[in-house]
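The values are calculated or read from the model by the stated rules, or taken from the named source; none is laboratory data. Small disclaimer: the values here were computed from a predicted structure and weren't measured. Quick reminder, even Gly has a Cβ in these numbers, built from the backbone with ideal geometry, and neighbours come from all protein chains shown.
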Amino acid sequence: MSDLAGGRDPDRPHSVGGAAGLSRRVFLANVFLGLAGLLGAAALAQRFFAFLSPPAPPERVVEVPAIALESVPDGGGTVVHLAGGHFAIERRGQTVRAFSAVCTHLGCVIQWQPTSDQAWYCPCHHGRYDRDGRVVGGPPPRPLIPVEASVRDGQVIVKLKVRPAAEVA
Amino acid sequence: MSVTAQKLVVALLSLALVAALVAAGSVDARRQAEARKHAEAMLDDAAQPQIARGRAVYTKYSCNACHAAGGTGGIMNLNAESGGKVNGLLHLSESYRPAELAEKIRNGVPTVGKGDPTGPDPPLHMPPYRDLIAGQEMRDLVAYLMSLRPPPGEAKSSAW
Amino acid sequence: MSAHPLRRWLAERVPIPMEELRKPLREELPVHLRGWAVWLGGTPLILFGIQVVTGILLTFYYRPDPVRAFESVRRITLAMRFGWLIRSLHQNAGQLMIIALFLHMIRVFVTRAYRRPRELTWVFGMALFLLTLGFGFTGYSLVYDSLSYWATTVGTNLLGDVPVVGHQLLWLLRGGPDVSPNTLARFYNFHIGVLPTLMVLAITAHLVLVRLHGVARLEGDRRHETYDFFPEHVLREAAIALVLLLGLVVYASARPPGLGVPADPTFTPPHIRPEWYFFPSYRWLKLVPMQVGIWTSAGFVGCMMFWPWVDAGLERLAPGRRLGTWLGSAGFAFTLALLVWEALS
């Protein structure tokens with residue numbers, strides 16, 4: 001601030017010092033400024049983007065009754081919607097099997113198709129799975145994801161993940 | 001100050017900002033760990049059968065009518081010492097042992113303390129529950145009440 | 001111009017008159033701007049930039065609904081990564097913005113830079129100040145804790161006492177007769193929609209006028225030297241921006257923002273007060289009868305809004321006596337005294 005009157009600015013060509021040394025100094029200052037500025041902007045941007053990705057809430061796996069066994073037709077299947085997700089449940093006598101009812105293609109919810117021999121059907125792109133969850137037609141790339149299930153006191157019990165209520169809101 | 005010197009100053013300030021943001025990162029890590037712990041604790045409590053039963057007892061006997069759902073504190077009670085309304089129940093575990101709390105519920109609070117000693121008597125008081133809640137229900141209710149905690153970070157209301 | 005092929009290609013497709021655009025960057029500023037007062041004008045703009053960025057970030061999680069507003073603020077503050085930092089930046093940059101604007105106003109007032117032909121620059125500047133107060137009032141309400149809820153109730157009730165239009169104004173602001181879910185949605189809209197739009201328009205008008213007139217030279221300053229807007233002035237502004245950010249980040253880390261008690265419409269807590277920048281009018285309205293307070297406040301703001309002409313009128317009345325400076329200083333001192341009085345009581 002001392003050179004308010006101007007004229008003795010060392011960056012101006014008319015000041016003392018070789019022009020080559022001067023331009024090198026100016027160049028280095030510009031590079032330093034550019035790098036430091038970039039680093040500062042990147043650090044700030046990183047913090048801001050971190051804010052935009054919410055931390056994953058903690059989870060607990062719990063067993064919940066999904067549906068009464070008698071509500072699932074013997075030899076058939078049904079889809080149950082619980083707070084922890086959609087479940088495709090298929091019954092043969094007293095044994096049940098469960099899958100995540102989310103199609104592995106693009107995430108639509110599958111349905112039971114009583115008339116066809118191909119058990120599970122996805123209405124979005126005509127994906128088809130058999131009783132074992134294997135892909136038998138359409139675009140799904142992977143079989144259905146199996147979920148642990150059992151029968152207790154006439155209820156179908158599935159294992160699902162729960163999250164704190166506050167995080168669901 | 002020459003332009004080159006000014007550039008250096010700006011560059012150094014930018015680096016200082018980076019340092020401050022790195023420090024803020026460790027502050028954030030600590031806060032995240034706390035938030036995580038709280039969320040885990042809430043999840044564990046919600047999964048405990050006794051506390052779930054106690055919550056049912058709480059609504060069965062209409063405790064929530066005065067103390068609000070979740071014990072977050074209550075309806076108007078003119079000139080009550082607890083801020084002119086029925087007290088919340090989020091700090092019980094700090095000042096009561098389970099047996100004391102059960103006794104308090106059995107006896108009720110026949111006279112509520114006044115906020116302003118010269119003011120009127122608060123219209124609401126807590127009736128005794130001696131004949132209503134006992135045994136397993138009382139144990140479940142106390143377990144539920146002792147599990148209540150204020151949400152983290154919130155300013156403390158009057159401790160009760 | 002260098003004839004790099006890419007640049008030539010781009011210049012042909014997007015014919016921006018670069019030379020024309022560079023002209024404002026080559027503006028030469030009077031050397032007095034190198035002094036301490038330089039940061040006062042640019043600082044509010046820098047802070048406004050911080051408000052825009054952090055404000056947009058906050059809207060990702062904030063819910064303008066009475067049932068969920070407080071909870072969403074809690075999530076921002078406690079659960080989201082760096083939510084405490086962003087909320088603190090937004091809160092404190094807002095406070096600094098009001099301080100910076102106030103100091104800038106004092107600087108322009110003392111140097112009488114508002115005189116003909118720059119009256120309109122002052123008028124737009126005053127509009128910016130009032131808009132910023134509007135941001136403060138609506139923003140404070142959004143937190144929806146006990147104190148902010150009741151400050152909103154009291155603040156909007158005040159408007160109801162404005163003669164003639166008060167009732168309509170109150171209804172418009174609250175979206176109904178009482179503070180209701182409509183009110184919060186409305187305040188949110190004002191805060192992130194209406195006010196920012198008006199703000200950007202007023203900033204543009206203010207800056208265009210500053211550029212067209214050039215920065216006023218100081219009275220009695222005989223120096224004719226100038227310095228360049230680019231890079232020297234820009235470097236200074238960059239340094240100021242970094243110092244402000246640095247201070248805000250360090251403050252946030254040392255004292256992360258807390259949470260109050262959730263708003264409860266059935267219970268008015270003791271000691272409710274508006275934010276500190278409303279202390280002067282708050283104290284004044286407590287001192288005098290309601291109608292007197294409203295009329296004098298309106299007169300005061302009107303006088304400030306059209307100060308360049310008021311000052312010119314006083315100058316014609318008593319040439320050379322600087323009546324305006326005395327009167328204005330008394331007004332500033334009185335405002336400041338009311339603020340301090342309220343703060344200490």
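In region C:242-251, how many are facing chain B (nearest Cβ under 7 Å) and within 25 Å of C:R75 (Cβ to Cβ)?
The total comes to 3.
Pick from A:T104, A:T115: which is more than 14 Å from chain B (Cβ to nearest Cβ), under 24 Å from the mean Cα position of the chain (by Cα) and not acidic (D, E)?
Testing whether each residue is more than 14 Å from chain B (Cβ to nearest Cβ), under 24 Å from the mean Cα position of the chain (by Cα) and not acidic (D, E) leaves just A:T104.
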Practice task
Scan region A:80-91 and give yes if some residue there is surrounded by 19 or more Cβ atoms within 10 Å (Cβ to Cβ), more than 14 Å from every other protein chain (Cβ to nearest Cβ), farther than 30 Å from B:L13 by Cα and modelled with pLDDT under 90, otherwise no.
Solution key: no
Exercise for the section: Consider A:L44 carefully, then state whether it is within 14 Å of chain B (Cβ to nearest Cβ), at pLDDT 90 or above and over 30 Å from C:V53 (Cβ atoms). Expected result: no
Completion exercise
If you go through C:A312, C:A337, C:A343, the only one that is aliphatic (A, V, I, L, M), modelled with pLDDT of 95 or more and either within 26 Å of C:W276 (Cα to Cα) or assigned to a helix (DSSP H, G or I) (or both) is C:A337
Handout entry: Failed item, numbered, when B:A16 is tested on (1) more than 7 Å from chain A (Cβ to nearest Cβ); (2) modelled with pLDDT of 85 or more; (3) surrounded by 15 or more Cβ atoms within 10 Å (Cβ to Cβ); (4) under 33 Å from the mean Cα position of the chain (by Cα)
Key = (4)
Exercise for the section: May I ask you to list pairs of residues, at least six apart or on different chains, whose Cβ atoms are under 6 Å apart, with the first in region B:38-58 being more than 12 Å from every other protein chain (Cβ to nearest Cβ) and the second being of a type in the set (G, A, S)? Expected result: B:Q50/B:A143; B:I51/B:A143; B:I51/B:S147; B:G54/B:A143
Exercise for the section: Go through region B:1-50 and give me each residue that's under 30 Å from A:R163 (Cβ atoms) and not in a helix (DSSP H, G or I). Expected result: B:Q48
Completion exercise
In region C:217-238, anything among the small types (G, A, S) and either in contact with a strand residue (DSSP E or B) (Cβ under 6 Å, 6 or more places away or on another chain) or within 15 Å of C:G42 (Cα to Cα) (or both) is listed as C:A238
Fill in the blank from the handout: Cβ pairs under 6 Å, 6+ apart or interchain, first in region C:74-88 and more than 7 Å from chain A (Cβ to nearest Cβ), second of a type in the set (K, R) and part of a helix (DSSP H, G or I), ordered by first then second residue, are C:I76/C:R87; C:T77/C:R87
Completion exercise
Only unsatisfied item for A:V158, checking (1) more than 18 Å from A:V61 (Cα to Cα); (2) surrounded by 15 or more Cβ atoms within 10 Å (Cβ to Cβ), is (1)
Practice task
Could you tell me whether C:G324 is over 23 Å from the mean Cα position of the chain (by Cα), surrounded by 15 or more Cβ atoms within 10 Å (Cβ to Cβ) and in a helix (DSSP H, G or I)?
Solution key: yes
Exercise for the section: Determine whether C:F60 is within 14 Å of chain A (Cβ to nearest Cβ) and either closer than 30 Å to C:A312 by Cβ or among the aromatic types (F, W, Y) (or both). Expected result: yes
